[in-house]
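Everything on this sheet refers to the single structure shown next.
The values are calculated or read from the model by the stated rules, or taken from the named source; none is laboratory data. Quick caveat: nothing in here was measured; it's all calculated off a predicted structure. All Cβ positions, even for glycine, are placed from backbone atoms using ideal geometry, and neighbour counts span all protein chains on display. Remember, those area values only see protein heavy atoms, side chains included, never the ligands or the DNA or RNA. Shrake-Rupley method; radii C 1.70, N 1.55, O 1.52, S 1.80 Å.
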Amino acid sequence: MLVMFEGTFRSGSAIHFLALAACALGVIIYGWLARHHRDGRYPWLAKTLAAACISAWIINTITALTSKHFSWETSLPLYYCNWANLLGAAVLLTRHRIVDSVLYYWACGLTVWAFVTPTLEFGPSRIGFWIFWGYHLCIALAVCHLLVADRFRPNLKDWLSASAITVLYGLLLLPVNVHFGWNYAFLGQSKPKV
């Protein structure tokens, strides 16, 4: 059993499915709390999750920038998920339709891939494994709050504004990726190294 916790991480492995199950359970529990938050119970819920989103972003960013494995090609906080975590905090602390829209579409269309095909090198024996899953789980929980507690339902205008922001950010990253040969937001020519 201990062998599962050491070595490299592989998508589709038992550890991957255990991590997915734990995240799904977390979203289900949070969804139940968010439903009752809507009724006036648990007033601390949104602020606590917003603090978790910001904390996860800080921990992930500091770890990536100070790691002995630092790489200009992968360690800068330029991925959509990096911004989605901050958007999650903004959604929980403010009520701005464009922020809600961008988080919704980024989480459902982009961040979901972090769960399906994680770019991890090591299993639970390394802190990076826990940071990765906790970091992405915060995004999923923020979207759960948006849908359950805030009852957000996207419309065509939401999709258009989120699409415009997504394309604009991609256009800003594209020349940087091309110039340096990087792959931020997975918009470069290389594939993830996992």
Residue, modelled with the lowest pLDDT, within region 173-194, restricted to residues that are within 17 Å of residue 81 (Cα to Cα) and among the aliphatic types (A, V, I, L, M): 187
Quick check on region 165-172. Is at least one of its residues hydroxyl-bearing (Ser, Thr, Tyr), open to solvent by 10 Å² or more (accessible area, probe 1.4 Å) and at pLDDT below 90? no
Looking only at region 123-152, how many residues end up being touching a Phe, Trp or Tyr at 6+ places or on another chain (Cβ under 7 Å), of a type in the set (Phe, Trp, Tyr) and closer than 19 Å to residue 57 by Cα? 1
Which numbered condition trips up residue 91, out of (1) closer than 26 Å to residue 124 by Cβ; (2) of a type outside the set (Gly, Ala, Ser); (3) in contact with a helix residue (DSSP H, G or I) (Cβ under 6 Å, 6 or more places away or on another chain)? (1)
Take the residues of region 111-129 that are among the aromatic types (Phe, Trp, Tyr) and open to solvent by 60 Å² or more (accessible area, probe 1.4 Å): which is farthest from residue 48 (Cα to Cα)? 122
Close pairs from region 63-91: first within 25 Å of residue 50 (Cβ to Cβ), partner among the acidic types (Asp, Glu), Cβ under 6 Å, at least 6 apart: 91/100
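Yes or no, residue by residue, for (1) out of contact with any Ser or Thr (no Cβ under 7 Å at 6 or more places or on another chain); (2) open to solvent by 60 Å² or more (accessible area, probe 1.4 Å):
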{"residue": "13", "(1), (2)": "yes, no"}
{"residue": "43", "(1), (2)": "yes, yes"}
{"residue": "57", "(1), (2)": "yes, yes"}
{"residue": "63", "(1), (2)": "yes, no"}
{"residue": "66", "(1), (2)": "yes, yes"}
{"residue": "87", "(1), (2)": "yes, no"}
{"residue": "98", "(1), (2)": "no, yes"}
{"residue": "109", "(1), (2)": "yes, no"}
